[in-house]
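**Student:** Quick one: the structure is below, and I'll ask about it shortly.
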Amino acid sequence: MNTTAETVRVGVLGPLAVTDAAGRPVRVGGQRVRALLAVLALAAGRPVPAHALIERLWPEPDDRPVDAVNALQ
């Protein structure tokens, strides 16, 4: 089986910047998706539990969706 890994570069110093293997910019839509990508990039190579992502995306418990786990998915 021959598989190739596509390289994506995520820059988190300053505005979030994502580029593909060829260095072309990748559009990442939505503020929440961009925040999620930044959190995951900062933890590159390590698992991030759902509860930690929820706390980072919705820091105020009153602002969280009723079903935050489903919203995260």
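No value in this document is a laboratory result; all are computed from the given coordinates. Note that the structure is predicted; figures quoted are calculated from it, not measured.
**Student:** Measure nothing but the geometry: give the 0 to 90° angle between the long axis through the Cα atoms of 31-42 and the longest principal axis through the Cα atoms of the chain, rounded to 10°.
**Tutor:** Roughly 70 degrees between the two axes.
**Student:** Tell me which residues come under 5 Å, amide H to amide H, from VAL18 once H is placed; ignore anything under 5 positions away on its chain.
**Tutor:** Close amide H contacts, sequence-distant or interchain: GLY11, VAL26.
**Student:** Which log10 I(q)/I(0) values, to two decimals, does the range 9-72 give at q = 0.16, 0.20 Å⁻¹ under the Debye formula with one point per Cα?
**Tutor:** Summing over Cα pairs of the range 9-72 leads to -0.59, -0.85.
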